[in-house]
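Notes to accompany the following structure.
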Amino acid sequence: MHSDATVGQPKVESARDALARINPHITITPVNARLDDDAMTSLIAGHSLVLDCTDNVSVRNQLNAGCYTAKVPLISGAAIRMEGQVTAFTYRENEPCYRCLSRLFGENALTCVEAGVMAPLIGVIGSLQAMEAIKLLAHYGQPASGKIVMYDAMTCQFREMKLMRNPGCEVCGQ
């Protein structure tokens, strides 16, 4: 999506331009700004689904809180080094939210800038996110909610881990 030719261009504009070349019939409105919680929730509320493709835990947590408030499903994908994960947050009763997951990371979670990420892995995780989005929007199949689907690119193996709702979660807890 991004290339040497787009170095220096905001990612949101580079992504919009690349996607418009693939499908000129879509409308993409890039938002090149850091939104406060109210603006984020307002933007989310106007959509049927959110795909989290960010590389920042604080933005992921903000997206989650906005999606939870607006009850808009969130498909989260993440990749670092040679590992990736995907999960769907539908915010149904007793299901976990992204904060239930992110609180497990600890203070010293590595970023892609620090640890790197193998480029094809991002395509694998993005494809899994797209599949989850189609399933949710089409009401087809079983979304990956209440679990984390992890992919190890070193061994080409998938694993699943059940994700429990944290009753003390500041977003979805009691």
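Figures for the structure shown
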| item | result |
| --- | --- |
| Cβ-based exposure ranking for Cys156, Cys172, Cys53, Cys97, in which fewest neighbours within 10 Å come first | Cys156, Cys53, Cys172, Cys97 |
| Loop GluC sites (Glu not before Pro), region 129-174 (other Cβ atoms within 10 Å of the site Cβ: 12 or fewer; DSSP) | Glu170 |
| Mean Cα-pair separation over length for the chain, i.e. relative contact order, pairs under 8 Å, 6 or more apart, % | 19 |
| Listed residues Pro73, Pro30, Pro143, most fluctuating in the chain (Gaussian network, C-alpha, under 10 Å) | Pro30 |
| Region 1-102 shape via C-alpha gyration tensor axes, a/c threshold 1.5 | prolate |
| Sequence-distant residues sharing a close amide H with Lys147 (under 5 Å, placed H) | Ala88, Leu163 |
| Ranked Tyr68, Tyr140, criterion: other C-beta atoms within 10 Å, fewest first | Tyr140, Tyr68 |
| Region 15-123: trypsin sites (Lys or Arg not before Pro) in DSSP coil with no more than 14 other Cβ atoms inside 10 Å | Arg34, Lys71, Arg92, Arg103 |
| Radius of gyration and maximum dimension Dmax of the chain, Cα, Å | 16.2, 49 |
| Sequence-distant residues sharing a close amide H with Val72 (under 5 Å, placed H) | none |
| Percent antiparallel among DSSP beta bridges (both partners in the chain, rounded to 5) | 75 |
| Hz values of 3J(HN,Hα) by residue in region 31-47 - Karplus curve (6.51, -1.76, 1.60), Gly and Pro given as x | 10, 9, 7, 8, 8, 6, 4, 5, 5, 5, 4, 4, 5, 4, 4, x, 10 |
| Fewest-first ranking of Leu51, Leu137, Leu163, Leu101, using other Cβ atoms within 10 Å as the exposure measure | Leu137, Leu51, Leu163, Leu101 |
| Hz values of 3J(HN,Hα) by residue in region 72-85 - Karplus curve (6.51, -1.76, 1.60), Gly and Pro given as x | 9, x, 10, 9, 9, x, 8, 8, 7, 6, 10, 10, x, 8 |
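Each value in this text was obtained by applying a stated rule to the coordinates, not by laboratory testing. Please read these numbers as outputs of a predicted model, since none were measured by experiment. Heads up, the Cβs are rebuilt from the backbone with ideal geometry, glycines too, and the neighbour counts pull from every protein chain shown.
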